[in-house]
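**Student:** Shown below is the structure under consideration.
No value in this document is a laboratory result; all are computed from the given coordinates. Since this is a predicted model, take the numbers as computed values, not measurements. Backbone-built Cβ (ideal geometry, glycine too); neighbour counts: all protein chains shown.
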Amino acid sequence: MVLLPCVGRRKTDRNRKRGGMDVHDGGSNALHGPGEPGAAPAGPPAPQASSPGPAPTHGRPADTTAHGRPSAHEQSSAQEQPSAAEPPHAAEPESGTGPVSAAASGPEPPARAAYAPHAAEQAHATLAPSAPPGPRTGVAALSLRYRIVVAVALAVVGVAVCVHIGMVFLHVAPSNTVTKQHGRAIDDWIYPEFEQNWKLFAPNPLQQNIAVQVRAQIDTADGGTRTTGWYDLSAEDGRAIDGNLLPSHTQQNELRRAWDFFVATHGGDNRAMGLRGSLSETYLRRIVLLRLDREEAAGKGEAIDLVQIRSRTTNVRPPRWSDEKVSDQPVYRVLPWWSIPAESTEGDAE
């Protein structure tokens, strides 16, 4: 009984050298002799609640003291082998600070667990796909087939525009080798729709209104003849153009160009000058016959035998602020009666 304290002191010295705790410390698990302070009372040990420490392995009883705590050997083994639940970067306790309690090897602190959602949000923001592009518009929204059609149409339009500009340039340019060799092709492209007229920039632009009128001598069904009144063909074209956003080329230029052609190829006595004079006469006569047929000048069973054309020229009134004085009396140019060939009458009847 006397040797027990000495044995206890020797064990205490060894524990101090190893960095352990003294047997007299409150947290020491060393055995106490009977009668010593801290010794367990006699009798069966009282049951204790299960500690949150590691559960004993199967097949081997856990080394515990009489107080139900793990022995010093088990604590040193727990310090040397970190728990599997603890992350690798967890800081280890410094030596000499005493045994690690069971609560220290428990789950991670709340601060570290709260960091996980923040890291997950950053990873999700990094891996999140970018916003989808908006819908395509214009030509890009079409399928490949329609895009090819659009490209071909644009190419055709571009070529046509380049050809037209080239033709107009050659038409207004001075005479050169190209116009001498391909003059007919250039004229066929330009006339009559794209004719270039410089009268707008002339020193003395047109200041007269010229109206072309026609009347006819008709053979009636009873064998007699009758003469119609004057049909103002220019006034009819004017009424067709007024209020029309897209008037036809025929309404604007056909009759006017035919009369200009006749005047340019005939003298003051209305005699033709050269072959172009005869051509212009035939062209003008054909036009007035079509207009008379449109107006139904000849009734049922009747036929047009002769036609007569005249022009009525009046001066354009000057503006109010001008001192210019012009005559307001019309001037007529009356052509002789033209006979109508039989083939022309038969063609009109068909």
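**Student:** Which condition does Ala303 not pass, out of (1) under 20 Å from Leu206 (Cα atoms); (2) touching a helix residue (DSSP H, G or I) at 6+ places or on another chain (Cβ under 8 Å), if it passes all the others?
**Tutor:** (1)
**Student:** Within the stretch 244-301, work out how many residues are among the small types (Gly, Ala, Ser) and in contact with a Lys or Arg (Cβ under 8 Å, 6 or more places away or on another chain).
**Tutor:** 1
**Student:** Looking only at the stretch 315-339, how many residues end up being of a type in the set (Lys, Arg) and part of a strand (DSSP E or B)?
**Tutor:** Counting residues in the stretch 315-339 that are of a type in the set (Lys, Arg) and part of a strand (DSSP E or B) gives 1.
**Student:** Another one. I'd like to check something: does the stretch 329-344 contain any residue that is β-branched (Val, Ile, Thr), within 16 Å of Ile218 (Cβ to Cβ) and either more than 56 Å from the chain's Cα centre (by Cα) or loosely packed, with under 14 Cβ neighbours inside 10 Å (or both)?
**Tutor:** yes
**Student:** Please list, ordered by first then second residue, the pairs with beta carbon atoms under 7 Å, 6 or more apart or interchain, first in the stretch 157-174 and part of a helix (DSSP H, G or I), second of a type in the set (Ser, Thr, Tyr).
**Tutor:** Within 7 Å, the pairs are Leu170/Thr179.
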